[in-house]
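What follows draws every value from the coordinates through simple rules; no lab data is involved. This is a predicted model, so every value here is computed, not measured. Counting neighbours? That spans all protein chains shown, and the Cβs are built from the backbone with ideal geometry, glycine included.
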Amino acid sequence: MMSDDQKQAYCAAYEAWQKQLSGVHDLLLEGKRLPPEQIKGLLNREARAKEKYDQARRRLLGIDG
């Protein structure tokens, strides 16, 4: 059984990742223009958010290792 804390952590990590992913989609799919240093920051933030989401998902699934 998963705890409420695990559920909250998973939902928060998922929402944070989706927010960053939306920015990447704006850049790649919608043609939003950004200076190169901002593109690098955007991609780094998305990657870190995805890592946090993956960790929260593994904990939720009980395969945290």
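Filter the range 22-65 for residues that are assigned to a helix (DSSP H, G or I) and among the β-branched types (Val, Ile, Thr); which is nearest to the chain's Cα centre (by Cα)?
Val24
Do we have Asp5 as surrounded by 11 or more Cβ atoms within 10 Å (Cβ to Cβ) and either in a helix (DSSP H, G or I) or in contact (Cβ under 8 Å) with a residue 24 or more places away in the chain (or both) here?
no
So, in the range 11-65, exactly how many residues are among the small types (Gly, Ala, Ser) and under 28 Å from Met1 (Cα atoms)?
Number satisfying all stated conditions: 7.
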